[in-house]
Amino acid sequence: MHTAATERVSKDSHKQKKWTTAEIQALFELPFNDLLYRAQQVHRAHFDANSVQRSTLLSVKTGGCSEDCGYCSQSARNQTGLERESLLGIDEVVAAARAAKEKGASRFCMGAAWRGPKDKDLEQVAGMIRAVKALGLETCVTLGMLKEGQAEQLKAAGLDYYNHNLDTAPEFYGSIVTTHSQADRFDTLHKVREAGINVCCGGIVGMGETRAGRAGLIAELANMNPPPESVPINNLVPVPGTPLANAESIDPFEFVRTIAAARITMPTSLVRLSAGRQEMSDELQALCFLAGANSIFYGDKLLTTGNPEAGRDERLFERLGLRSA
Ligand code: SAM
Ligand code: DTB
Ligand code: SF4
């Protein structure tokens with residue numbers, strides 16, 4: 001029988017759960033084994049637990065960025081000694097994408113160190129997207145903040161994902177970046193969603209935030225409606241010359257807990273074990289996969305810093321019986 005009450009319950013059950021920071025902090029505070037057990041249960045209910053998706057990154061425009069993000073090697077304000085490079089030509093991009101596909105990546109992500117793209121830049125990036133897509137790869141770009149109409153142009157070029165991270169808890173954002181606000185980031189994310197492009201959005205841990213800060217970041221991501229399809233969780237790579245060069249590194253188990261919290265609160269998203277993997281042991285990475293990470297950046301380089309060589313990842317997949325998704 002269908003009463004008004006059952007009707008209400010069934011409608012509510014389709015509603016997305018809203019997570020409070022306190023609820024997510026309570027997840028972080030579970031005994032480690034209990035947390036991992038819960039994360040595995042959620043993971044197995046939605047994914048093949050032994051499949052890991054691989055994305056390859058390419059920096060298509062490097063350094064000289066006007067923004068002052070405290071972690072970033074590419075900010076013009078940080079004296080990191082990074083060599084600037086203007087926008088790459090399409091042939092170079094296609095060659096890198098082809099090589100990534102041959103090595104087993106399913107998605108190719110192109111990053112540019114811009115506050116946001118100029119219209120002329122966007123046309124060139126649109127050409128890159130078309131060419132990479134034609135190789136049979138999923139496409140992703142991360143170009144900074146978008147203006148009205150730019151997301152639609154990217155969609156028309158065949159873009160599958162746009163990466164734009166919230167990076168840290170709202171109350172901590174202004175201590176890391178001052179040249180734009182987290183509200184600006186939300187504005188771009190909204191434009192991406194409206195244009196019908198999948199959202200890739202995550203953050204960085206290990207920047208001196210508290211556990212409540214990590215829980216707050218995960219809450220913001222999980223409460224996006226819908227949540228991002230891909231959620232990169234980066235462990236800060238401390239870059240000499242940046243304000244965060246000497247940040248104290250996070251306890252590795254706390255990093256695993258962050259992955260587990262992302263998995264539990266965003267059950268159908270790909271959770272990507274992102275920057276910082278080069279410094280991680282195989283055992284720590286295995287714990288991240290157990291906690292529900294099911295995607296990695298694959299290839300010798302992230303944007304400007306190192307990543308495990310493909311051969312090391314191949315061996316790790318083999319040792320753990322992981323398949324490429
Ligand atoms: N300029 C664009 C933007 O800020 O969105 C795209 C490129 S930016 C380098 C992409 C993301 O890389 C940042 O949002 C941040 O999450 C991550 N990132 C940058 N430097 C990092 C570092 N040293 N350690 C970990 N993650 C980092
Ligand atoms: C994301 O969340 N991590 C990637 C990608 N999105 C663009 C970038 C990591 C950058 C790490 C530092 C560097 O190589 O410059
Ligand atoms: Fe520029 Fe992006 Fe680096 Fe910030 S994170 S300095 S916006 S490239």
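Some notes on this structure:
- Filtering the stretch 113-124 to residues that are within 14 Å of ligand 2 (Cβ to nearest atom) and surrounded by fewer than 23 Cβ atoms within 10 Å (Cβ to Cβ) leaves only TRP114.
- Every condition in (1) touching a Pro at 6+ places or on another chain (Cβ under 9 Å); (2) within 15 Å of ligand 2 (Cβ to nearest atom); (3) polar (S, T, N, Q) is met by ASN246 except one, and the failing one is (2).
- Verdict on THR304 being under 26 Å from TYR173 (Cβ atoms), within 11 Å of ligand 2 (Cβ to nearest atom) and over 15 Å from the mean Cα position of the chain (by Cα): yes
- Residues (of a type in the set (Asp, Glu) and at pLDDT 85 or above) located in the stretch 1-45: GLU23, GLU29, ASP34
- The set of residues in the stretch 260-296 that are part of a helix (DSSP H, G or I), surrounded by 18 or more Cβ atoms within 10 Å (Cβ to Cβ) and touching a strand residue (DSSP E or B) at 6+ places or on another chain (Cβ under 6 Å) comprises ALA262, ARG263, CYS288.
- Extreme residue, surrounded by the fewest Cβ atoms within 10 Å (Cβ to Cβ), among residues of the stretch 141-172 that are of a type in the set (S, T, N, Q) and touching a residue at least 60 places away in the same chain (Cβ under 8 Å): ASN165
- The residues in the stretch 19-63 that are more than 22 Å from LEU217 (Cβ to Cβ) and touching a Pro at 6+ places or on another chain (Cβ under 8 Å) can be counted, and the count is 1.
- The set of residues in the stretch 97-112 being more than 17 Å from the chain's Cα centre (by Cα) and surrounded by fewer than 20 Cβ atoms within 10 Å (Cβ to Cβ) consists of ARG98, ALA99, LYS101, GLU102, LYS103, GLY104.
- The stretch 73-110 - residue that is of a type in the set (D, E, K, R) and without any contact (Cβ under 8 Å) to a residue 24 or more places away in the chain and, of those, nearest to LEU135 (Cα to Cα): GLU102
- Residues satisfying the stated conditions in the stretch 97-122, i.e. within 14 Å of ligand 3 (Cβ to nearest atom) and polar (S, T, N, Q): none
- Qualifying residue in the stretch 234-256 (condition: of a type in the set (Val, Ile, Thr), modelled with pLDDT of 95 or more and closer than 27 Å to ILE197 by Cα): no
- Every residue from the stretch 52-98 that is acidic (Asp, Glu) and within 14 Å of ligand 2 (Cβ to nearest atom): GLU67, GLU83, GLU85
- Pairing each residue of the stretch 56-69 that is farther than 16 Å from SER181 by Cα with any residue that is β-branched (Val, Ile, Thr) and within 13 Å of ligand 2 (Cβ to nearest atom), provided the two are 6+ apart or on different chains, yields C-beta distances under 8 Å for SER59/THR304; THR62/THR304; GLY63/THR304.
- Scanning the stretch 238-257 turns up one or more residues that are crowded, with 22+ Cβ neighbours inside 10 Å, closer than 29 Å to ASN78 by Cα and within 16 Å of ligand 3 (Cβ to nearest atom).
- Residue match in the stretch 173-196 (condition: closer than 17 Å to ILE218 by Cα, crowded, with 19+ Cβ neighbours inside 10 Å and away from ligand 2 (no atom under 16 Å from the Cβ)): no
- Output for the stretch 268-290, where each listed residue is touching a Phe, Trp or Tyr at 6+ places or on another chain (Cβ under 9 Å) and closer than 17 Å to HIS43 by Cβ: THR268, LEU270, ARG272, LEU273, LEU287, CYS288
The values are calculated or read from the model by the stated rules, or taken from the named source; none is laboratory data. Since this is a predicted model, take the numbers as computed values, not measurements. So basically every Cβ, Gly included, is an ideal-geometry build from the backbone, and we count neighbours across all protein chains shown.
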